[in-house]
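Take a look at the structure set out below.
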Amino acid sequence: MRQRLEYAPVWLIVKLVGVLPRPLARAVGIMLGRIVYWLHVRLRHVGMRNLELAFPEKTRRERAKILRGVFTSLGRQLGEFCLLPRYTLKNINKVVVYDGFENFENAYALKKGVLFLTAHIGGWELSAFTHSLHGHPLHVVMRSLDNQYLDRLTKKYRTMHGNSMVDKDDFVRGLLSAMKAGETVGILMDTNMTPPQGVFVDFFGIPACTASGLARIALRTDAVVLPGFTIWDSVLRKYRLRFDPPVKLIRTGNDEADIVANTAQFTKVIEDYVRRYPDQWLWVHRRWKTRPEGEKGLY
């Protein structure tokens with residue numbers, strides 16, 4: 001019963017915003033994001049601490065401006081997420097445009113499987129949705145939401161056009177079979193992990209416990225690791241779903257060392273995007289929560 005009550009306002013927001021004209025839906029989403037910024041003290045505290053760690057050279061005012069932009073970005077994505085059931089192949093280009101699609105085409109043509117290297121930046125919820133709408137469904141590795149009703153709603157929206165969700169607790173088996181079949185899998189690998197699922201690699205010069213599964217699967221299957229990010233373009237007033245050239249795997253013959261080395265270079269790709277678009281990344285997540293043994297916590 002409690003979960004139903006917690007879910008009700010979220011469900012109402014999604015449904016009510018979903019019937020609004022698109023510009024108004026986006027504006028309402030942004031307004032809600034900014035309201036959360038002012039009301040949620042803990043998220044602001046975490047965000048400012050992360051920005052202090054990542055950008056020690058910036059002033060507090062500069063960091064605060066970035067953080068306000070993050071909530072604007074989250075609100076914009078919320079507005080678009082509410083509208084997903086209304087998007088079709090005919091109108092999705094008003095929201096998301098491809099950039100570097102040939103990199104995906106070339107990778108997919110190899111029939112070794114494609115591992116999308118991505119992160120919680122820009123409009124990540126639109127990435128797999130848009131790609132599937134264009135006839136390229138993929139498997140997405142996601143953790144189920146704690147609220148079962150909200151989890152059910154998000155899964156319904158995410159899988160409208162052929163996508164499937166792979167649970168983080170059982171993703172290895174799912175990924176291996178997908179790579180064997182030459183399919184595509186999306187992995188958001190910018191969240192805090194704990195050993196042994198994670199290994200420590202630098203993120204903004206600070207050791208961060210990072211998911212090593214993508215590197216393990218890529219080295220084992222020789223699948224193509226393809227960076228893919230959906231970034232808000234303020235000039236176009238649209239999102240750009242950008243595919244970069246594949247990341248060349250490091251192979252020295254030392255399996256464990258190669259796993260760490262490749263996880264490090266994947267993380268560097270994400271860091272480069274975050275540095276370019278700092279106000280679009282999820283700074284409110286405690287990315288450096290897990291520390292190496294004996295090291296003091298950062299939060």
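No value in this document is a laboratory result; all are computed from the given coordinates. Note that the structure is a prediction, hence the values are computed from the model and not measured. Because the Cβ atoms are built from the backbone with ideal geometry, glycine has one as well, and the counts that use them run over all protein chains shown.
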**Message:** With +1 on the Cβ of every Lys and Arg and -1 on the Cβ of every Asp and Glu, and nothing else charged, how large is the dipole of the range 157-196 about its Cα centre, in debye rounded to the nearest 20?
**Reply:** 100
**Fill in**
When the charge dipole of the range 2-280 is computed with +1 on Lys and Arg Cβ and -1 on Asp and Glu Cβ about the Cα centre, the Cα farthest towards its positive end, among H134, V70, P21, belongs to P21
**Prompt:** How big is the shadow of the Cα convex hull of the range 2-280, averaged over all directions, in nm²?
**Reply:** 15.0
**Fill in**
Largest fluctuation, Q77, Q197, Q265 only, Gaussian network model of the chain with Cα springs under 10 angstrom, belongs to Q197
**Request:** Could you work out which residue, out of Y149, Y239, Y273, moves most in a Gaussian network model of the chain, that is, has the largest mean-square fluctuation with Cα springs under 10 Å?
**Result:** Y149
**Complete:** Length gained if L24 through N93 is fully extended, taking 0.36 nm per residue and subtracting the Cα-Cα distance, is 23.0 nm
**Message:** Which of R275, R61, R76 ends up with the largest GNM mean-square fluctuation for the chain, with Cα atoms connected below 10 Å?
**Reply:** R61
**Relative contact order %, the chain, counting alpha carbon pairs below 8 Å whose residues are six or more apart** = 23
**Prompt:** For a label point 7 angstrom out from the Cα of V235 toward its Cβ, which stretches of the range 277-297 have the backbone nitrogen within less than 19 Å?
**Reply:** 277-280
**Fill in**
Toy charge model, Lys and Arg Cβ at +1, Asp and Glu Cβ at -1: the range 2-280 dipole around Cα centroid in debye, rounded to 20, equals 1140
